[in-house]
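Notes for the one structure printed next.
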Amino acid sequence: MARVKTANTPPLAGVIAFVVIALIFATALFIWYGCRIEPGNGEIAILIKKTGKMLPENEIVATSSEYKGIQLAVLGEGRYFRNPYVWDWQIKPVTEIPAGKFGVLVRKFGKNLPAGEILALDSNSKGIVREVLGTGRHRINPYAYEVKLCDDIVIMPGNIGVVANLCGKDIFSGSSNDLANSKGFIVSADRKGVQKTTLKEGTHRINPYIQSVAIVNIQSQRYEFSGKEAIGFITLDGFYVTLEGTVEFNIVPESAPMLTHEVGNMDDIIKKLILPSVSGFARIEGSKKSATEFIVGESRQLFQNKLEEFLRKNCRAWGVSINSVLIRDINPPQEIAGIIRNREIAQQEAKKFSQQIEQAKSATELERQKMLALQSRRKVEAETGKITSEIAARQAKLEKVIAAQAELEAAALQLKTAQAEARAALALAESERSVIAAGNKAEVEILKRNITAFGGGEAYLRGKLYEKIAPNLQSIMTNSSAGDAFGLPLLKNTVRK
């Protein structure tokens with residue numbers, strides 16, 4: 001019976017193995033589906049701890065994992081596993097700051113700020129964080145921080161940024177501004193108020209809760225007073241005259257911080273500085289002249305020059321540079337404009353006739369000057385011809401004298417040459433005579449010696465004869481018993497019979 005029971009009952013080892021496998025499979029499923037935290041692209045996981053110490057009073061974020069509640073640290077993209085009985089979590093999108101903007105962080109946890117403070121003193125206190133977030137994605141815990149988007153401050157060419165501190169020391173903290181520094185409008189970097197240093201052109205990211213930036217145009221500006229905005233004043237003789245013109249100016253960059261906060265923006269500068277200066281000068285100086293002076297003469301140009309000088313001097317003290325002042329039109333009262341205009345036309349006509357008379361006189365004088373010039377030219381030509389003839393005669397005479405002197409010198413040179421040649425010929429003849437005489441003398445001496453050697457003149461002659469005929473003599477036929485031929489002695493060995 002026992003064997004049969006054992007055969008029908010499953011083995012204990014198989015049950016245990018099945019249970020183990022089931023537990024492993026269940027554990028894997030639990031870990032994969034119950035413990036897995038997997039933030040996707042552009043997401044973060046915010047952890048919430050269910051166990052641990054209670055957070056201190058007034059705290060909303062746990063800065064350490066020993067406290068229960070929302071944890072400060074977040075999990076980025078990836079795969080994580082946490083015990084769901086200890087942890088809970090939320091998937092949130094990352095904080096994305098688009099191009100052209102930046103982010104300002106407001107910390108929600110930490111120590112409370114002192115009264116009147118808005119900036120976080122350190123990383124453990126609430127408030128606005130000084131550093132800003134740039135363009136891009138940031139893993140910011142939305143329960144710990146609030147992100148406020150702000151536009152980039154773009155300063156175009158021809159503009160500057162005037163910076164004003166919104167935080168720092170002020171009169172309420174017990175220290176007043178230094179009035180000697182631009183009347184107190186410009187303060188040091190640790191105080192509330194306008195800063196002396198300005199921002200140059202470009203893109204800037206400045207925390208708007210710490211500093212404010214006012215963009216100021218420092219390019220040339222034009223203010224036109226015409227039409228309804230024309231400047232009017234009463235002249236010395238009681239007429240109402242209006243001015244129309246243009247003033248070109250620009251703000252000096254170094255004076256922009258003080259000017260913009262003491263006077264205001266560009267419209268304020270025109271209404272509070274340029275316009276009152278032009279109107280005041282026009283009313284004061286215009287009341288010193290009659291209406292006629294503004295219509296004819298040089299009064300308009302003088303008035304414009306004085307106005308420009310006054311504006312330059314008055315506006316320079318405020319940091320405004322006046323580039324040019326132009327009075328385009330001065331409008332007198334209509335009741336005197338026609339009279340003055342007719343009188344001006346009559347004066348212009350009189351000037352025209354006077355100019356014609358002067359031109360006629362000038363033409364007559366010109367003709368007279370031409371005749372005088374022609375007479376003078378002919379006189380000069382005659383005198384020039386006379387002087388030229390005299391010079392030519394003198395030149396010819398001088399040339400003849402020079403030629404005669406040259407011929408005389410040539411003749412003298414020829415004479416000297418002939419004399420030298422004669423002397424040379426005489427010397428040559430003398431030398432030839434001496435040579436001939438010496439030769440003759442030498443021949444005489446030789447002849448004497450030869451005659452002496454032959455024993456006499458007859459013997460010498462006979463020897464010479466033999467020298468001449470002997471080479472061609474082959475035989476001599478003679479019957480002379482005297483032993484000679486032709487009167488010449490014969491040698492015995494040479495005579496053939």
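The values are calculated or read from the model by the stated rules, or taken from the named source; none is laboratory data. Owing to the predicted nature of the structure, the values given are computational and were not obtained by experimental measurement. Note: ideal-geometry Cβ built from the backbone for every residue, glycine included; neighbour counts use all protein chains shown.
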query: Just for segment 89-105: of the residues that are more than 24 Å from Lys50 (Cβ to Cβ) and β-branched (Val, Ile, Thr), which one is surrounded by the most Cβ atoms within 10 Å (Cβ to Cβ)?
result: Val104
field: Test result for Asp122, farther than 19 Å from Phe102 by Cβ, loosely packed, with under 14 Cβ neighbours inside 10 Å, modelled with pLDDT under 90 and touching a strand residue (DSSP E or B) at 6+ places or on another chain (Cβ under 9 Å)
entry: yes
statement: In segment 29-57, anything of a type outside the set (A, V, I, L, M, F, W, C) and in contact with a strand residue (DSSP E or B) (Cβ under 7 Å, 6 or more places away or on another chain) is listed as Arg36, Pro39, Gly42, Glu43, Lys49, Lys50, Gly52, Lys53
task: Please state which one of Gly264, Gly245 is of a type in the set (Gly, Ala, Ser), in contact (Cβ under 8 Å) with a residue 60 or more places away in the chain and either touching a Lys or Arg at 6+ places or on another chain (Cβ under 7 Å) or within 30 Å of Val132 (Cβ to Cβ) (or both).
output: Gly245
- request: Among the candidates Val213, Val194, single out the residue that is over 29 Å from the mean Cα position of the chain (by Cα), outside the structural domain of Glu262 (by TED's automatic domain parsing) and within 17 Å of Trp318 (Cα to Cα).
  value: Val194
Filter result (touching a strand residue (DSSP E or B) at 6+ places or on another chain (Cβ under 7 Å) and over 24 Å from Ile97 (Cα atoms)) within segment 150-160: Gly158, Asn159, Ile160
- prompt: Got a sec? Which of Ile251, Ile231, Ile218 is in contact with a Phe, Trp or Tyr (Cβ under 9 Å, 6 or more places away or on another chain) and either β-branched (Val, Ile, Thr) or without any contact (Cβ under 8 Å) to a residue 12 or more places away in the chain (or both)?
  reply: Ile231
query: hydroxyl-bearing (Ser, Thr, Tyr) and over 28 Å from Ile345 (Cβ atoms) - does that describe any residue in segment 290-312?
result: no
task: Six or more apart or on different chains, Cβ under 9 Å: which pairs go from a residue in segment 25-43 that's at positive phi to one that's surrounded by 10 or more Cβ atoms within 10 Å (Cβ to Cβ)? Could you list them?
output: Gly42/Glu77; Gly42/Pro93; Gly42/Val94; Gly42/Glu96; Gly42/Arg137
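Yes or no, residue by residue, for (1) small (Gly, Ala, Ser); (2) assigned to a helix (DSSP H, G or I); (3) touching a residue at least 24 places away in the same chain (Cβ under 8 Å):
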residue: Val325; (1), (2), (3): no, no, yes
residue: Arg368; (1), (2), (3): no, yes, no
residue: Ile387; (1), (2), (3): no, yes, no
residue: Ala403; (1), (2), (3): yes, yes, no
residue: Glu407; (1), (2), (3): no, yes, no
field: Candidate set: segment 305-322, residues that are part of a helix (DSSP H, G or I) and touching a helix residue (DSSP H, G or I) at 6+ places or on another chain (Cβ under 7 Å); chosen: the one surrounded by the most Cβ atoms within 10 Å (Cβ to Cβ)
entry: Leu307
